[in-house]
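Undergrad: Pasting a structure below so you can have a look.
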Amino acid sequence: MLYPTIKIMLKKTYYLVVLLIFSINIVSAQKNVIEKSEYQLKMFNAQQNYFSGDYQRALNTYKDLLVANPSDANLLGRIADCYFNLKQYDDALKTAEKAKSIDEKAYENTALILGKLYHMNEKLDEALVEYKAYKQLIGDSKKAKESHIDQYIEQISTAKALMASPAPVKIVNMGSVINSKYDDKAPMVTADGQTIIFTSRRPGKSDALDTEGDNKYFEDIYISKWDTLKKAWLDAELIPGSINTEGHDACTSISPDGKQIFIYKNDINGESRGGDIYVSRLSSSGKWGSPKSIGKPINTSYWEGGACISPDGKTLYLISERSGGLGFGDIYVSKRKSRTEWDTPVSIGSNINTAEDEGGLFLAPDGKTLFFSSKGHNSMGGYDIFKTVFESNKWSDPINIGYPINSVNNDVCFSLSANAKTGYFNSDRPGGLGERDIYQVDLSNYLVLEKDMIPKFENKTMAMAILKGDIFDATEGKGIEAEVLIFDEAGQKVASTTSSDSNGEYFITLPADKTYQVKINLKNYKLIDEKIDLKTNPGSTTTTVVKHFLLYKE
């Protein structure tokens, strides 16, 4: 029998133990609430960083959370997503595959990321499986449209078809003479094939980094010349003159005569704020002058991303995000009004422009075939190179120029020599020296300018000729502006160009091995009416004929 005092003591002890356990549970619950709150806060911050484009900070937070939850498929999927956006594709693939092995539905984007990664590595069947899994997971919803999943599935179909019938071309990386371990892009060649310019983000004009942007070196424009003796390109160097600055300077094209470079500039503190097109001209000393804005109505308060000019100098093709377009960057066309003025640009057409970006313009020396890059048409993946031809007073529906010029990666900025035997483009395909590299393609057996690009195995291609020279006032001995009209042997006008008013230079490309009638009929001057033979040498497909004209006053 217990004494009353002992009973009271035992009851007190019991209540103390119960109270202690209850207190411990409360503290533990409070700790769990705090930990859960911290977890949710970190997840919220990581997601905010992700949606604002700060993938590295989001990645760091997700990885911190993963330490306590190493098998969390949701976290692993989000980490893979960040790796993908940071272009750390090997880590993205490894992490996404781990997430899928744990729970493929924990993070719905895991399947989409895997699909894109398999797609990029030409594992087309595996990519299709993931794309379909993602589509089934999200259903027929707004998210399906925003994710472009149907477009990705179509790209797989296009890639399979084009890879099954590759074009008979030979592609080579242009190597360290042109490329670097940095980003090299936008190769543009003159009509004579003797000069190539491009944009690079290697240390150049300045060793400074774009700390307000992506923390990489600023863009500069480089140039390389063809060595006719060595039959090789010389080492690329910063273009001479006043083009490159301490900021971003990117070329978008060089005129066929090699006298003008069209440049994209975006200076948030200057007149090109928002992105505008500028022009630099080659001086008689061989140096390039300070770029000048092409002005209105070409440039607007919207983004203008680049331009190229026709061989006769009368038509400008440009990329713009101005209002009234179909998508982001659309292609527009403008006609020259005078030496310094252009008409208001008009859309090239809804069969060319899409809801996606179009860009990377190049007008072939034939003056009617326009090459551009887009992911809005039947692309293999990312951006592909397409062509459209101006015929019957309208632009034809775009044609994908085929595999292996195009790949499942991004292939952009195609340019072409006058004889259509050699092309150049940039790509981020695997195996390059840097982020993007410049490639050269042998088109000897591929009629890229023909309507259907029928493969050709005979050693014959269309011969092209360059007719150029100066037009002088015979009395004053200085250059003069005049229109040069070109007629074929049947008397039909086939081309025209206008000489420069500063030095009288003119330049035009024409099909070779033909005889043309050249006429210059300028008011107050005697008519020029001469026959010119544009013949190529045996074994050659390109010729340059220099013809000067003296105009005598009546």
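Undergrad: Is the shape of segment 110-186 best called rounded, prolate or oblate, per the rule: a/c under 1.5 gives rounded, else a/b larger than b/c gives prolate, else oblate, with a ≥ b ≥ c the square roots of the Cα gyration tensor eigenvalues? Numbers along the way, then the final one.
TA: Numbers: a/c = 2.84, a/b = 1.86, b/c = 1.53.
Prolate, since a/c reaches 1.5 and a/b exceeds b/c.
Undergrad: With contacts defined as alpha carbon pairs under 8 Å and 6 or more residues apart, what's the relative contact order of segment 121-250 in percent?
TA: After rounding, I find 16 percent.
Undergrad: Separate question: Taking the solvent-accessible surface of protein heavy atoms with a 1.4 Å probe, what is the per residue accessible area of segment 401-481 in Å²?
TA: Numbers: 3210 Å² over 81 residues.
Result: 40 Å² per residue.
Undergrad: Another question about this same structure. Can you work out ³J(HN,Hα) from phi for every residue in segment 369-381, in order, using Karplus 6.51 cos²θ - 1.76 cosθ + 1.60 and θ = phi - 60°, giving whole Hz and x for Gly and Pro?
TA: Listing the rounded values in order: 10, 9, 9, 8, 10, 7, 10, x, 9, 7, 8, 7, x Hz.
Undergrad: Also: Would you mind calculating the gained length between E154 and N121 on full extension (0.36 nm times residue separation, minus the Cα-Cα distance), in nm to one decimal? Before the final figure, lay out each step's value.
TA: Numbers: separation 33, 0.36 × 33 = 11.88 nm, distance 1.67 nm.
Value of the extension gain: 10.2 nm.
Undergrad: Ignoring ligands, DNA and RNA, what accessible area per residue does segment 305-396 give at 1.4 Å, in Å²?
TA: On the way: 3310 Å² over 92 residues.
Per-residue value: 36 Å².
Undergrad: Now for a separate question. Report, by chain and number, residues whose modeled amide H sits under 5 Å from the one on G193, excluding near sequence neighbours (fewer than 5 apart, same chain).
TA: Amide H to amide H, under 5 Å and 5 or more residues apart or across chains, G193 pairs with A418.
Undergrad: Moving to a separate point now. Please compute the modelled spin-label separation between L527 and K132, points set 7 Å along Cα→Cβ, answer in nm with one decimal.
TA: It works out to 7.2 nm between the two label points.
Undergrad: With label points built 7 Å along Cα→Cβ from the Cα atoms of Y552 and K519, find their separation and express it in nm.
TA: 2.0
Undergrad: Which order do the peptides 180-189, 43-52 take when ranked by the mean count of other beta-carbon atoms within 10 Å per residue, highest first? Walk me through the numbers before you get to the answer.
TA: Numbers: 180-189: 22.1, 43-52: 14.8.
Output ranking for 180-189, 43-52: 180-189, 43-52.
Undergrad: Enumerate by residue number the GluC sites (Glu not before Pro) in segment 251-332 meeting two conditions: DSSP loop (anything except H, G, I, E, B), and at most 13 other Cβ atoms within 10 Å of the site's Cβ.
TA: E271
Undergrad: Here is a further query. Would you please give the residues with an amide H less than 5 Å from that of G306, counting only those at least 5 places away or on a separate chain, with H modeled from the backbone geometry?
TA: Correct list: I319.
Undergrad: If you don't mind, there's one more thing I want to ask. Could you tell me the largest-minus-smallest coordinate of the C-alpha atoms of segment 242-316 on each of the three principal axes, in descending order and whole angstroms?
TA: Principal extents (largest minus smallest coordinate, Cα): 32, 28, 16 Å.
Undergrad: Output ³J(HN,Hα) for segment 441-450: one whole-Hz value per residue in order, computed from phi by the Karplus curve 6.51 cos²θ - 1.76 cosθ + 1.60 with θ = phi - 60°, and x for Gly and Pro.
TA: These are the phi-based 3J(HN,Hα) values: 10, 7, 9, 4, 10, 9, 7, 5, 8, 6 Hz.
Undergrad: Also, quick follow-up: May I ask you to derive the relative contact order of segment 412-554, considering only C-alpha pairs under 8 Å and at least 6 residues apart, and to give it as an integer percent? Before the final figure, lay out each step's value.
TA: On the way: 322 pairs, mean separation 31.6, N = 143.
RCO, segment 412-554: 22 percent.
Undergrad: Using only the Cα atoms of segment 36-166, what do you get for the radius of gyration and for Dmax, in Å?
TA: Radius of gyration, then largest Cα-Cα span, for segment 36-166: 15.5, 57 Å.
Undergrad: Convert each backbone phi in segment 307-312 into a coupling constant with the Karplus relation 6.51 cos²θ - 1.76 cosθ + 1.60 (shift: θ = phi - 60°), then list the ³J(HN,Hα) values in order as whole Hz, x for Gly and Pro.
TA: Values per residue, Gly and Pro as x: 7, 9, 10, 6, x, 8 Hz.
Undergrad: For a paramagnetic label modelled at 7 Å from the Cα of S284 toward its Cβ, which residues of segment 461-484 fall within the zone defined by backbone nitrogen distances under 17 Å?
TA: 469-481
Undergrad: So who's got an amide H within less than 5 Å of the one on K216, skipping anything under 5 residues away but keeping other chains? H placed 1.01 Å off N, in plane.
TA: Residues meeting the criterion, in which the H sits 1.01 Å from N, are D210.
Undergrad: Can you give me the distance in nm between label points at K142 and S37, each placed 7 Å from the Cα along the Cα-to-Cβ direction?
TA: My value for the distance between the label points is 3.3 nm.
Undergrad: Turning to a different aspect of this structure: Kindly provide the pair-distance distribution of the chain built from C-alpha pairs, with 20 Å bins from 0 and whole-percent values in order of increasing distance.
TA: Pairs per bin, as whole percents: 18, 46, 22, 8, 4, 2, 1, 0.
Undergrad: Bin by bin, in steps of 5 Å, what percent of the Cα pairs in segment 270-367 do you find, going until the bin that has the longest distance?
TA: Taking every Cα pair in segment 270-367, the percentages come to 2, 13, 23, 23, 21, 12, 4, 2, 1.
Undergrad: Next question. Give me the percent of the accessible area of segment 32-96 that comes from carbon and sulfur atoms, probe 1.4 Å, all protein chains in place. It would help to have the intermediate numbers written out before the result.
TA: On the way: 1890 of 3820 Å².
Ligands and nucleic acids excluded, carbon and sulfur reach 49 percent.
Undergrad: Sort 87-98, 488-499 for me by packing, meaning the mean count of neighbouring Cβ atoms within 10 Å per residue, highest on top. Present the calculation step by step, with values, prior to reporting the outcome.
TA: Numbers: 87-98: 17.3, 488-499: 14.1.
Taking the mean over residues of other Cβ atoms within 10 Å, the ranking is 87-98, 488-499.
Undergrad: Let me ask something additional. Measuring from centroid to centroid over Cα atoms, what is the spacing of segment 142-197 and segment 62-83 in Å?
TA: So the separation of the two Cα centres works out to 33 Å.
Undergrad: Give me the percent of the accessible area of segment 120-263 that comes from carbon and sulfur atoms, probe 1.4 Å, all protein chains in place. The partial results should precede the final answer.
TA: Details: 3520 of 7040 Å².
Here it works out to 50 percent.
Undergrad: Can you tell me the order of 249-257, 236-244 when each peptide is scored by its average per-residue count of other Cβ atoms within 10 angstrom, highest first? Please report the intermediate quantities before stating the final value.
TA: On the way: 249-257: 24.0, 236-244: 18.3.
Packing proxy ranking, top to bottom: 249-257, 236-244.
Undergrad: State which entries of K493/K531; K225/K519; K292/K335 exceed 24 angstrom in Cα-Cα distance in the structure shown.
TA: On the way: K493/K531 14 Å; K225/K519 33 Å; K292/K335 19 Å.
Violating the 24 Å limit, Cα to Cα: K225/K519.
The values are calculated or read from the model by the stated rules, or taken from the named source; none is laboratory data. Computed from a predicted model, the values in this text were never measured in an experiment. Every residue, glycine among them, receives a Cβ derived from its backbone with ideal geometry; neighbour counts consider all protein chains shown. Quick note on the areas: whole protein, heavy atoms, side chains included, nothing else; ligands and nucleic acids left out. Shrake-Rupley method; radii C 1.70, N 1.55, O 1.52, S 1.80 Å.
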